[in-house]
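Read the structure below first, then the notes.
The values are calculated or read from the model by the stated rules, or taken from the named source; none is laboratory data. All values derive from a computational prediction rather than experimental measurement. Methodologically, a virtual Cβ is constructed for each residue, glycine included, from the backbone with ideal geometry; neighbour enumeration extends over all protein chains shown. Surface areas here come from the heavy atoms of the whole protein model, side chains and all, with no ligands, DNA or RNA. Shrake-Rupley method; radii C 1.70, N 1.55, O 1.52, S 1.80 Å.
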Amino acid sequence: MSRQDINRSGEMEVFVRAVELGGFTAAARACRMTPSAVSKLVARLEARLGARLVNRSTRKLHLTPEGSAFYERSVSILADIAEAERYASTGEQAVGPIRINTSASFGHHILAPLVSDFLALNPAVTLDISHTDAIVDLVEDRADVAIRAGPLKSSSLIARKLGFTRNVIVASPDYLKRESEPKTITDLKHHRRIGFSYARSVQGWPLFDGGETIALPITPGVQVGDGEAMRYMALSGAGLVRLATFTVRADIETGRLVPVLEDLNPGDIEEFYAVYIGQGGPLPARVRALLDFLAERVSL
């Protein structure tokens, strides 16, 4: 079979369904195929890619590292295809309200400066923006779009990637003068660390230690559910925080906050997505206009 005869998007869709539904049998029912056909499709896909994507067991599928990477890219590609089809099939004007849920830091530093330009391009649209760092149920929250970091966990959601940012540990000059600047991981353990009060995709602070990256448990002196509140606490000299660079960029440039332990910073990045519900027909023009605008204008 020639490369142009391969239905890559179809293969990706079946593979994604198998992963999200936990097995070939469930994927077969969803895709109106037989379990053996799904198994053969995945086997052909693995053979063509030259990599094992799943480790099969009698109960469920377990993704290999290559499988995890292929799954994440497949979800993104299928979302782009769906978005392109929606864009081509609907040509109505952007009219009506858009409810956006985002973290306080993203809303303050990234979204707020873009609102004026978006409304100038879409004068018939109104915005209702709510800030929370906690993960929300888009249906329950009545949100059209949520802006979040990290991979999707629900197959009913679709994401548009907005960009990525690295994280940095910072403190105020007053705090560092009072407590002394940490130079090693051991030093860091004696400082007050301000952390998030909710579960994160990576627990602890990733740092280089003896040539490898470890996740240092935070055991914070203060726990906060809002990245912007953490920033203000750092500015007031309450302790050390680890935040997305865009949250503290202006503070670093003006000297209000100082990066510490940068030689131990592994440079890990956090990807940001505009997430929306992808089921139920064409995407409203008002939501599509916002997603296209954010994908073009957001700079992290």
Among residues of the range 178-195, those that are open to solvent by 60 Å² or more (accessible area, probe 1.4 Å) and part of a helix (DSSP H, G or I), counted: 3
Qualifying residue in the range 203-223 (condition: under 30 Å from Arg142 (Cβ atoms), assigned to a loop (DSSP other than H, G, I, E, B) and modelled with pLDDT under 85): no
Residue list for the range 13-26, restricted to those being surrounded by fewer than 17 Cβ atoms within 10 Å (Cβ to Cβ) and closer than 15 Å to Asn55 by Cα: Gly22
Subset of the range 251-300 (residues that are within 27 Å of Ala215 (Cα to Cα), part of a helix (DSSP H, G or I) and open to solvent by 40 Å² or more (accessible area, probe 1.4 Å)): Ile252, Glu262, Asp263
Unmet criterion (only one of (1) small (Gly, Ala, Ser); (2) closer than 18 Å to His109 by Cα; (3) assigned to a loop (DSSP other than H, G, I, E, B)) for Ala229: (3)
Whichever residue in the range 243-300 is at positive phi and of a type in the set (Gly, Ala, Ser) and, among such residues, is nearest to the chain's Cα centre (by Cα): Gly267
Subset of the range 116-138 that is modelled with pLDDT under 85 and either under 16 Å from Leu291 (Cβ atoms) or in contact with a Phe, Trp or Tyr (Cβ under 9 Å, 6 or more places away or on another chain) (or both) - its residue that is surrounded by the fewest Cβ atoms within 10 Å (Cβ to Cβ): Ala134
Flag for Gly10 being open to solvent by less than 30 Å² (accessible area, probe 1.4 Å) and in contact (Cβ under 8 Å) with a residue 24 or more places away in the chain: no
Tally of residues being touching a residue at least 60 places away in the same chain (Cβ under 8 Å) and open to solvent by less than 40 Å² (accessible area, probe 1.4 Å) across the range 213-250: 18
Criterion violated by Tyr175 - all others in (1) aromatic (Phe, Trp, Tyr); (2) at pLDDT 90 or above; (3) open to solvent by 40 Å² or more (accessible area, probe 1.4 Å) satisfied: (3)
Filter result for the condition that a residue is open to solvent by less than 80 Å² (accessible area, probe 1.4 Å) and in a loop (DSSP other than H, G, I, E, B), over Ala51, Ala43: Ala51
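Mind listing just one residue for me: the one in the range 241-250 that is assigned to a strand (DSSP E or B) and of a type in the set (A, V, I, L, M) and, of those, farthest from Leu188 (Cα to Cα)?
Ala244
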